[in-house]
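> Here's a structure for you.
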Amino acid sequence: MARLHLHPGKERSVLRRHPWIFAGSVVRLEGRARPGDTVEVVSADGRMLGRAAWSPASQIRARMWTFEAETTIDHAFFKRRVAEAVAWRMAYPGLSGQDGMRLIHGEADGLPGVIADRYGPVVVVQLTSAGAEKWREAIVGALVAATGCEAIYERSDSDVRRLEGLEPRSGCLFGDLPAAPVLIVEHGVRMEVDIVGGHKTGFYLDQRDNRLLTSRLAAGRRVLNCFCYTGGFSLQALAGGAQSVLSIDSSGPALEIAARNLTYNPSLDASRAQWREDDVFAALRALRSAGEHFDLIVLDPPKFAPSAAHAARAARAYKDINLCAFRLLAPGGILMSYSCSGGIGLDMFQKIVAGAAVDAGVDACILHRLAAASDHPVGLAAPEGEYLKGLALRIGSAAQERVRPDQEQD
Ligand code: SAH
């Protein structure tokens, strides 16, 4: 097995069990290794630190599979890791009753570059590192054994594969996809998952618990759901008794699924739902010009800052939509505002939203700090894995007092 030698001091992060070894930490590779091959990682003073997958095309030159000198990387290793990831979720009370669930969340499950999401009878996998690509057969076999699923479908069409020198791949790896659309039940609401053509692996499972919170807050409120995709927050708001729900997204295909989702849930009052295919930035301005107001607004935009390098431009976009949303909220209204940008941390996001509130002339307080659901855990040793953050804010009526001093407040 080839040996990867690190510069002096660069073993420190590995000893703290951080799984990434960057190009700048590497002195040399002793021996030969192809992309994805397992290499031994060695500190400058010759200590064996564990085994990693070699990825010469990536800035992350190696990703640790194990920090134990005795552990061999073979089929049995993947069987164990996959089985553990699936088993703890199945037994975890916080996830009980969910048939749509992330089963493997990369680094946090000790499987860098491996994502697996379960949607009823189907498991969708995404392999985004050279090491995961090399062991695809072992990973798929282990998933079949651990889940008893009918089919495994690959959605390795994410751009991040290119950073590892890998081409996009998608298609069935095991069994056949069901002929009928795949439906999951999320907190009592049935949702269609577009496994082949949807975003990510088909659905935004990470927002599951935040959708439930929306449902709990929605009773009697006029709701605006921006960047609604297939209507996850919209249907939960209806389930929670919203007076009306206006949902906006720029994707026609996503809105078609959203409309179908209403038909799968006949107990929801479809007459309270309105879908609008539009650019949210423009739509928010049009709603303001039209003098509209809402009592609950959800902002769940796409990743504006994939890395810290895009943070400044992304910050302007976040500020813009949050400012517009604050202006559309009625006194006592609630804003649920999210960012899934890895390049923007919670502190920075909170500052951006605070700036938007000042510019909008509203007083706001934080009711909840929100994150991804527990099937998307964050490794304590690798906090970069945390990407989704959110704030649920209530705005007071001070702005209204200033604007309409003649009117009585209650
Ligand atoms: N809230 C959704 C997930 C949102 S993902 C859920 O719970 O499932 C982000 C969504 O933003 C995608 O559906 C994408 O089509 C949409 N989108 C991206 N840019 C947009 C824009 N400028 N205006 C409107 N929608 C946009």
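> Scan the stretch 68-78 for residues that are part of a helix (DSSP H, G or I) and surrounded by 15 or more Cβ atoms within 10 Å (Cβ to Cβ) and report the count.
Quick first cut of the stretch 68-78, residues part of a helix (DSSP H, G or I) only: 75-78.
Imposing the further condition that a residue be surrounded by 15 or more Cβ atoms within 10 Å (Cβ to Cβ) reduces the set to 77-78.
Residues that pass the stated criteria total 2.
> Kindly establish whether S234 is within 9 Å of the ligand (Cβ to nearest atom), open to solvent by less than 10 Å² (accessible area, probe 1.4 Å), under 20 Å from the mean Cα position of the chain (by Cα) and more than 21 Å from K389 (Cβ to Cβ).
When the stated conditions are applied, S234 passes them.
> Now, a different point. What do you reckon, is D295 farther than 22 Å from L183 by Cα, of a type in the set (D, E) and touching a residue at least 12 places away in the same chain (Cβ under 8 Å)?
yes
> I'd like the full set of residues that are more than 6 Å from the ligand (Cβ to nearest atom), part of a helix (DSSP H, G or I) and open to solvent by less than 10 Å² (accessible area, probe 1.4 Å), limited to the stretch 237-256.
A237
> Can I ask one more? Against the conditions (1) more than 16 Å from P301 (Cβ to Cβ); (2) open to solvent by less than 30 Å² (accessible area, probe 1.4 Å), where does Y264 fall short? Just the number, please.
Y264 satisfies every listed condition except (2).
> Listed residues L177, L166; which is in a loop (DSSP other than H, G, I, E, B), farther than 16 Å from D206 by Cα, out of contact with any helix residue (DSSP H, G or I) (no Cβ under 6 Å at 6 or more places or on another chain) and open to solvent by 20 Å² or more (accessible area, probe 1.4 Å)?
L177
> Still on this structure, I have one more. May I ask you to say which residue of F203, F233 is part of a helix (DSSP H, G or I) and either of a type in the set (S, T, N, Q) or in contact (Cβ under 8 Å) with a residue 40 or more places away in the chain (or both)? Can you show your working first?
Details: F203 fails: part of a helix (DSSP H, G or I).
Exactly one residue qualifies, and that residue is F233.
> Is there a residue being at pLDDT below 95 and in a helix (DSSP H, G or I) anywhere in the stretch 145-160?
Among the residues of the stretch 145-160, at least one is at pLDDT below 95 and in a helix (DSSP H, G or I), which makes the answer yes.
> Keeping to the stretch 187-231, report how many residues are touching a Lys or Arg at 6+ places or on another chain (Cβ under 6 Å) and within 11 Å of the ligand (Cβ to nearest atom).
Result for the stretch 187-231: 1.
The values are calculated or read from the model by the stated rules, or taken from the named source; none is laboratory data. Given the structure is predicted, the values throughout are model-derived calculations rather than measurements. As a convention, Cβ positions derive from the backbone with ideal geometry for all residues, glycine included, and neighbour counts pool all protein chains shown. For accessibility, only protein heavy atoms count, side chains too; no ligands or nucleic acids. Shrake-Rupley method; radii C 1.70, N 1.55, O 1.52, S 1.80 Å.
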